[in-house]
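Structure record follows, encoded as structure tokens.
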Amino acid sequence: MTVTIVGAQLGDEGKGGIVDVYGEAADVVVRYQGGDNAGHTVVHEGETYKLSLTPSGAIRGKQGILGNGCVVNPNTLFDEIDALRERGLDPDVRVAERAHVILPYHRVLDGIEERAKSESDDEIGTTGRGIGPTYEDKAGRRGVRVGDLLAPEVLRNRLERVIPQKRAIVAEVFDIDVDDLDRPEAFDVDAMYEQARAYGERLAEEDMVVNASAFLADAREAGQNIMFEGAQGTIIDIDHGNYPFVTSSNPTAGGAAVGSGVSPGVVGSGEIVGIVKGYLTRVGSGPMPTELGGVVGDTPGYDEQGAGENEELATHIREEGGEYGTVTGRPRRVGWLDLPMLRHSARVNGFTGLAVNHIDTLAGLDEVKVGYSYTLDGEELMTMPATTEKWARCEANLRTFDGWPAFDAATVAEEGYEALPENAREYLEFLSDELDAPIFCVGVGPGRGETVVVEDVWE
Ligand code: IMP
């Protein structure tokens with residue numbers, strides 16, 4: 001059977017922890033979109049591992065697949081595999097022949113475009129990993145796929161066609177001399193050909209390249225359990241998110257089928273677990289109707305630290321929840337749970353169950369609020385509007401819940417759901433009713449043993 005894990009909000013919902021808990025019974029863990037823009041931390045036998053591309057199940061001896069919907073930077077992949085090997089692990093990672101390859105010029109272009117946009121305050125705040133430029137080339141039918149790395153002639157022809165175009169963009173559109181760049185070789189056909197061939201040789205030597213669709217069909221035939229590990233989140237999905245403040249792929253559940261080569265029926269007949277943080281965080285710019293306080297430089301129109309009405313509360317939640325970017329250390333914007341956003345997310349993904357994280361972070365507050373609906377132009381909306389411009393004008397209508405006291409996470413995780421404080425259960429049940437999906441598990445702390453599992457998704 002299959003289990004698909006999807007972020008219901010803006011990313012950073014704690015998917016890694018849930019993949020870890022439910023991944024135990026999986027045989028194969030598949031990433032179906034995105035690339036090394038993700039980041040998750042896995043603690044295994046007392047050791048901490050940080051991965052951005054390798055499916056986290058690889059640490060636990062599962063087969064990891066990077067599906068055709070991914071964009072793969074072989075440098076990152078090899079570095080992560082080498083680092084795991086140095087620590088005594090033997091990761092088994094396969095890469096789809098149809099996946100697209102992030103080459104050095106994609107990363108350079110990502111940086112150049114973001115810098116140019118920042119001059120007019122229009123930057124997306126990308127991770128700078130070349131994700132957008134690589135998906136652009138995929139859609140533009142000029143990308144280099146993993147299979148091409150093993151076909152010297154195809155590869156050479158593609159690079160000879162594409163690289164002069166990239167040079168022209170740098171020179172003519174951005175008015176930059178390629179030779180003045182930190183990495184001018186990224187725009188040199190011979191250098192990129194050599195680099196790409198080296199990637200191909202290692203992938204071939206280690207027998208890592210597969211037809212993911214056929215591979216997964218065989219795995220299903222053999223009765224194996226397959227987990228689809230979504231990265232990022234629904235509200236930064238290129239189609240269903242708050243465009244243009246999005247990533248360039250489809251983290252939503254439909255992406256699991258398209259991005260791995262299994263049929264939608266296969267994904268739909270398994271479980272689709274929506275990962276929800278018990279409140280909301282956002283990195284970078286863009287609307288956030290339930291925001292508390294603000295972060296200078298990120299919250300639109302907010303440039304004075306300390307001016308927010310609920311600054312103290314925001315700071316408290318940020319500190320308790322460790323809401324700082326894993327790589328950059330940037331403080332995340334914090335707000336109450338946003339139900340119009342989650343109703344949209346539940347509709348788009350068809351969640352069969354919910355995993356709600358950070359219920360411990362909210363413990364000790366007198367009251368906990370949720371954005372129940374929005375008001376836009378005098379009308380009440382139950383779900384978020386489709387344009388970011390309208391979303392930015394929405395005002396959240398809040399509902400208030402009584403808070404719950406602090407509790408011992410390990411005890412609750414061991415004793416089960418009923419051991420959670422009553423008001424926390426009330427909050428969770430309200431959420432479950434509103435989204436019409438049962439609670440599958442509740443995260444009560446960062447550790448692996450700090451998850452209250454209500455439902456075994458594989459049964
Ligand atoms: P990109 O994916 O690097 O192109 O970045 C596009 C947008 O998605 C930016 O706002 C990023 O902050 C956001 N983003 C990308 N990956 C993640 C993630 O794993 N968690 C949260 N936000 C992300």
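The values are calculated or read from the model by the stated rules, or taken from the named source; none is laboratory data. The model shown is predicted, which means the values in this text are computed figures rather than measured ones. We place every Cβ from the backbone using ideal geometry, glycine too, and count neighbours over all the protein chains shown.
Each row is one residue, and each column tells you yes or no for (1) touching a Lys or Arg at 6+ places or on another chain (Cβ under 9 Å); (2) in a helix (DSSP H, G or I).
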residue	(1), (2)
ASP218	no, yes
GLY223	no, no
ILE238	no, no
ASN242	no, no
GLY254	no, yes
ILE275	yes, no
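Only one of the listed residues (ILE226, ILE275, ILE238) is within 14 Å of the ligand (Cβ to nearest atom), more than 22 Å from ALA139 (Cβ to Cβ) and not basic (Lys, Arg). That residue is ILE275. Within the range 88-110, identify whether any single residue is basic (Lys, Arg), within 14 Å of the ligand (Cβ to nearest atom) and either closer than 23 Å to GLN232 by Cβ or not in a helix (DSSP H, G or I) (or both), and answer yes or no. Within the range 88-110 (the criterion being basic (Lys, Arg), within 14 Å of the ligand (Cβ to nearest atom) and either closer than 23 Å to GLN232 by Cβ or not in a helix (DSSP H, G or I) (or both)), the answer is yes, since at least one residue qualifies.
Residue pairs whose Cβ atoms lie under 8 Å apart, separated by 6 or more positions or on different chains, with the first residue in the range 147-161 and over 12 Å from GLY200 (Cα atoms) and the second among the basic types (Lys, Arg) and not in a helix (DSSP H, G or I), are ARG158/ARG142; ARG161/ARG142.
Just give me the residues in the range 225-236 being over 30 Å from PRO287 (Cβ atoms) and either without any contact (Cβ under 8 Å) to a residue 12 or more places away in the chain or not in a loop (DSSP other than H, G, I, E, B) (or both), in sequence order. ILE226, MET227, listed by residue number. Residue pairs whose Cβ atoms lie under 7 Å apart, sitting 6 or more positions apart in sequence or on different chains, and linking a residue in the range 366-378 that is under 12 Å from ALA396 (Cα atoms) to a partner that is hydroxyl-bearing (Ser, Thr, Tyr), are LYS369/THR400; GLY371/THR290. GLY69: crowded, with 23+ Cβ neighbours inside 10 Å, modelled with pLDDT of 95 or more, within 16 Å of the ligand (Cβ to nearest atom) and not aromatic (Phe, Trp, Tyr), yes or no? Taking the combined requirement at face value, the residue satisfies it.
In the range 240-267, the residues that are in contact (Cβ under 8 Å) with a residue 60 or more places away in the chain and closer than 15 Å to ILE226 by Cβ reach residues that are hydrophobic (A, V, I, L, M, F, W, C) and within 14 Å of the ligand (Cβ to nearest atom) with C-beta atoms within less than 6 angstrom, at least six apart or across chains, in these pairs: ALA253/VAL6. Considering the range 31-50, the residues that are of a type in the set (A, V, I, L, M) and within 16 Å of the ligand (Cβ to nearest atom) include one that is nearest to ASN73 (Cα to Cα), namely ALA38. Within the set VAL262, VAL267, the sole residue that is at pLDDT 95 or above, away from the ligand (no atom under 16 Å from the Cβ) and part of a loop (DSSP other than H, G, I, E, B) turns out to be VAL262.
The set of residues from the range 123-139 being within 7 Å of the ligand (Cβ to nearest atom) and in a loop (DSSP other than H, G, I, E, B) comprises ILE124, GLY125, THR126, THR127, GLY128, ARG129. Taking first residues from the range 10-34 that are under 24 Å from VAL444 (Cβ atoms) and assigned to a loop (DSSP other than H, G, I, E, B) and partners that are modelled with pLDDT under 90 and more than 16 Å from the ligand (Cβ to nearest atom), the Cβ contacts under 8 Å between residues at least 6 apart in sequence or on separate chains come to GLU24/ARG60; ALA26/GLY57.
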